[in-house]
Amino acid sequence: HVVGSQVGEVLLYYCYCEVMDPEKLCAWQKALCQHLHLTGKVRVASEGINGTVGGSKVATSLYIKVMLSQPLFKNILCQEDFKSSAGGAHCFPDLRVGVFKEIVPMGIDPKIVSYKETGIHLSPQEFHREVEQYLSQATQGQSDTILLDCRNFYESKIGHFQGCLAPDIRKFSYFPSYVDENLELFKDKRVLMYCTGGIRCERGSAYLRSKAVCREVYQLKGGIHKYLEEFPDGFYRGKLFVFDDRYAICSNEDIISACRYCGVLWDQYKLCSSQHCRQLVLTCPSCCNKGLTACCPVCQEKELKVASRASGQTLKEECECTRRRPRVPIEHGSPRMLDTGK
């Protein structure tokens, strides 16, 4: 890496707005990022834009300036909508800008469930107060509230709000099916939703509201990202998973997850060592040294087979983890709440 490349930052943002010409916005965005030497991923759609980009501090602040002056986002996007964390261009392998149907892949046509039907946005302070109240009621077993993590299981595993319900889903596109299968759970409940930067809640809350079973649906504005800026030692414990080469960013020293092999406290993900697998695995340094680097026995085996195979043959990304995890987990009886203790 270039010397000093570490002292940049990574920006995370989204903006829901009507985009008449997504292709044109996409080309402009690509040129802008290339000009500023930013790497990362930007999704453009007729419903808006969603991006996470990394570069030098000079580049990212220029990027924000240009984005705020773009007529399309005028009066919708503001400085606060950009979440930043330490990083840089080295956090992403390259720059990918493309046009998609949705700016966050939920798999439901935006015309059917629109971001315009979203839940009630709560500031980090308001959300903090709500969680505080929820936790005190939950200990007395009299809460009518569900604190819902709408991220994937590998994200909530290494960090989550105390007492949350975390669906055992592998992709956000499974979230609607999760809701459908568990409607009983949400009946007449007040739901407090959260995700990394707020975008999944925009569509997730709209989907939940479309089912007309909840009493109220609230969501954390700016996501965990903004919450941690104000409450680094609040009710969110552990690390915050991010979709780049860092895997996680931390606001407190808590480790709430364990090594897959020996159970020692560990929360630093690595990609499964089997080359066709895209699963993440928590394996501590001493287990790594013993060669325990795959996500499951099937992959560990596969790795040995691949070594002796003719190159050019591709193996399907399928392993014990993917097979064991149902596409739509159903919460039986009382929901599986994640650890409420500090």
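The values are calculated or read from the model by the stated rules, or taken from the named source; none is laboratory data. Predicted model, so just to flag it, every value in this text is computed and none were measured. Here Cβ is always computed from backbone atoms with ideal geometry, including for glycine, and neighbour counts include all displayed protein chains. Accessible surface is based on the protein model in full, side chains and every heavy atom, while ligands, DNA and RNA are left aside. Shrake-Rupley method; radii C 1.70, N 1.55, O 1.52, S 1.80 Å.
Data table
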read-out: Residues (without any contact (Cβ under 8 Å) to a residue 24 or more places away in the chain and outside any loop (DSSP other than H, G, I, E, B)) located in segment 249-261; value: C250
read-out: Cross-chain or 6+ apart pairs with Cβ under 6 Å, segment 272-283 first and basic (K, R), then surrounded by fewer than 18 Cβ atoms within 10 Å (Cβ to Cβ); value: R278/E317
read-out: Selection from segment 220-243 of residues that are touching a residue at least 24 places away in the same chain (Cβ under 8 Å) and in contact with a Pro (Cβ under 9 Å, 6 or more places away or on another chain); value: L220, K221, G222, K226, Y227, E229, E230, F231, G234
read-out: V213 being open to solvent by less than 10 Å² (accessible area, probe 1.4 Å) and either in contact with a Ser or Thr (Cβ under 7 Å, 6 or more places away or on another chain) or aliphatic (A, V, I, L, M) (or both); value: no
read-out: Segment 15-45, residues that are on the phi > 0 side of the Ramachandran plot and free of Cβ contacts under 8 Å to residues at least 60 places away in the same chain; value: H37
read-out: Elements of type helices (runs of 4 or more DSSP H) contained in segment 146-248, each with 3 or more residues being over 16 Å from T118 (Cβ atoms); value: 153-158, 175-181, 183-186, 223-230
read-out: Test: residue in segment 198-209 that is open to solvent by 40 Å² or more (accessible area, probe 1.4 Å) and modelled with pLDDT under 95; value: no
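Results for (1) in contact (Cβ under 8 Å) with a residue 12 or more places away in the chain; (2) over 22 Å from L25 (Cβ atoms); (3) open to solvent by 40 Å² or more (accessible area, probe 1.4 Å), shown as yes or no for each residue.
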{"site": "H90", "(1), (2), (3)": "yes, yes, yes"}
{"site": "D94", "(1), (2), (3)": "yes, no, yes"}
{"site": "V99", "(1), (2), (3)": "yes, no, yes"}
{"site": "I103", "(1), (2), (3)": "yes, no, no"}
{"site": "M106", "(1), (2), (3)": "yes, no, no"}
{"site": "P110", "(1), (2), (3)": "yes, no, no"}
{"site": "Q142", "(1), (2), (3)": "no, yes, yes"}
